[in-house]
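A.B. asks: My structure is below; once you've seen it, I'll send some questions.
The values are calculated or read from the model by the stated rules, or taken from the named source; none is laboratory data. No experiment lies behind these values; they were computed from the predicted model shown. All Cβ positions, glycine included, derive from the backbone under ideal geometry; neighbour counts span all protein chains shown. These area figures cover heavy atoms from the full protein model, side chains too; ligands, DNA and RNA do not enter into them. Shrake-Rupley method; radii C 1.70, N 1.55, O 1.52, S 1.80 Å.
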Amino acid sequence: MQPTSPNAFRPTRNAFRPTRRSVLLALGGAALAGCGVPAAYVEPGDRAGADLSASDHRLTWANWPLYIDVDDEDEKKRPTLDAFEERTGIAVEYVEEINDNDEFFGKISPALMNHQRTDRDLVVISDWMCARFVRLGWVQEMDRSRQPHVTRYLDPLLREPAFDPGRKFTVPWQSGITGIAYDKRRLGREIRQVSDLWADDLKGRVTLLSGLDEAFALLMQGNGVDITRWTADDFHTVCEQVEGHVKSGHIRRFTGNDYIKDLSTGDVLACQAYSGDVIQLQADNPDIEFVVPEEGAELWSESLMIPNLARHKTNAERLIDYYYEPEVAAELAAWVNYVCPVPAAQDVLASSKDEETAALAEDPLIFPDAAMRKRLAIARDITAEERVEFAKKWNGIVGL
């Protein structure tokens, strides 16, 4: 059975993205070593387990809440996933258990570092955390011969992150942009650059994201830094600038996803924000604008990975490839409203006879246009050696 026709897509206004807030006192890599516990790197030859996919038609998939399409009339039904099960005969245990990257790391790291099964065949976490898993050798390389749609349709902008060149170990589930959101009517002017946040008329009415991994790249871009190759000096410069804005009272506070409430009530006029959230805010307040600054913005992903010793690797690879079919990707994009990692899904949505659905194809926050794409970049991840020092400094400024 094929997934539901694009003419039946109905985007929801309540699918706010799961919190990506980071505690940042990392448990992996250097942090483990700092506690006297060796970072338990797993050699490539020790990562695969017995794959039971041929005889055992099932898999277990761990994801964030509200991160897949659901039926408007029955929230227990997930149309794209139900269609996959019917088409393939593979039963999927879909578990919405990931609420925080570090929390989930702490949950499954004991098994992975001790070379034990996690009882999960597929997980979705933020790319900065995926980088840690890849460095530790805790995930398996995927067989692209089983994933022709991933090979053909994955957005070129997402193919070569520094932590996983060629995306051998990870495949983006959904993507997004960290930029600036502001209330144009209340502010009475446009914001075009990161430096515009520091104008006098925004004193006390600006928020930044509290998580280091979420916040630093955009601020560096405001300084003209190429975030694909930023340095420690670039980081310390940003910290000095932010600390100054805190002391002057210019920054109202640091937030997780609760900036949504501040911006909606008018307590804040401009803030660091995620593109997916702003689409939802605009449905109720068209005066909310999202800006990819002239200096650029960070393109990020939350990606699918297959943990070591997974019992159903082939089934998991098949599921990943299914979501890269343009028709399926379009159906998912119409519900979650993130940047779609399958650009070919744009034509599918554009062909919809439903005007609201067809309009999504023209939304640059789902399908960035050519001008916006030129200003997007994937930040170099923070290494294990850097993380403890940088997190301590950032957390001291933010108050975590």
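A.B. asks: Among (1) closer than 30 Å to Ser264 by Cα; (2) under 15 Å from the mean Cα position of the chain (by Cα); (3) modelled with pLDDT of 95 or more, where does Leu197 come up short?
C.D. replies: That leaves (2) as the condition not met.
A.B. asks: Scan segment 265-313 for residues that are touching a strand residue (DSSP E or B) at 6+ places or on another chain (Cβ under 7 Å), closer than 30 Å to Arg135 by Cα and not charged (D, E, K, R) and report the count. Give the derivation first.
C.D. replies: Initial filter on segment 265-313 (touching a strand residue (DSSP E or B) at 6+ places or on another chain (Cβ under 7 Å)): 266, 268-276, 278, 281-282, 287-293, 296-308, 312.
Adding the requirement that they be closer than 30 Å to Arg135 by Cα leaves 272-276, 296-308, 312.
Subset that is not charged (D, E, K, R): 272-276, 296-297, 299-301, 303-308, 312.
Selection size over segment 265-313: 17.
A.B. asks: Let me ask something else about it. So which residues in segment 221-235 are part of a helix (DSSP H, G or I) and without any contact (Cβ under 8 Å) to a residue 60 or more places away in the chain, if there are any at all? It would help to see each step written out before you state the result.
C.D. replies: Quick first cut of segment 221-235, residues part of a helix (DSSP H, G or I) only: 221-222, 227-229, 232-235.
Passing the criteria: Asp233, Asp234.
A.B. asks: Might you let me know whether segment 237-247 holds any residue that is open to solvent by 10 Å² or more (accessible area, probe 1.4 Å) and over 16 Å from Trp394 (Cβ atoms)? Give the derivation first.
C.D. replies: So in segment 237-247, the residues open to solvent by 10 Å² or more (accessible area, probe 1.4 Å) come out as 237, 240-241, 243-247.
Next, from what is left, pick out any that are over 16 Å from Trp394 (Cβ atoms): none.
No, there is no match, as no residue in segment 237-247 is open to solvent by 10 Å² or more (accessible area, probe 1.4 Å) and over 16 Å from Trp394 (Cβ atoms).
A.B. asks: Now for a separate question. Report yes if Asp369 is free of Cβ contacts under 8 Å to residues at least 40 places away in the same chain, of a type in the set (D, E, K, R) and over 29 Å from His245 (Cβ atoms), otherwise no.
C.D. replies: Working: free of Cβ contacts under 8 Å to residues at least 40 places away in the same chain: yes; of a type in the set (D, E, K, R): yes; over 29 Å from His245 (Cβ atoms): yes.
Spelling it out, Asp369 is indeed free of Cβ contacts under 8 Å to residues at least 40 places away in the same chain, of a type in the set (D, E, K, R) and over 29 Å from His245 (Cβ atoms).
A.B. asks: I want to confirm something. Restricting to segment 79-104 and keeping residues that are part of a strand (DSSP E or B) and closer than 11 Å to Arg58 by Cβ, which single residue is most open to solvent (accessible area, probe 1.4 Å)?
C.D. replies: Glu93
A.B. asks: In addition: Enumerate the strands (runs of 3 or more DSSP E) found wholly within segment 112-214, keeping only those where 3 or more residues are within 19 Å of Glu325 (Cα to Cα). It would help to see each step written out before you state the result.
C.D. replies: Numbers: elements: 122-126, 171-183, 206-209.
The qualifying strands (runs of 3 or more DSSP E) are 171-183.
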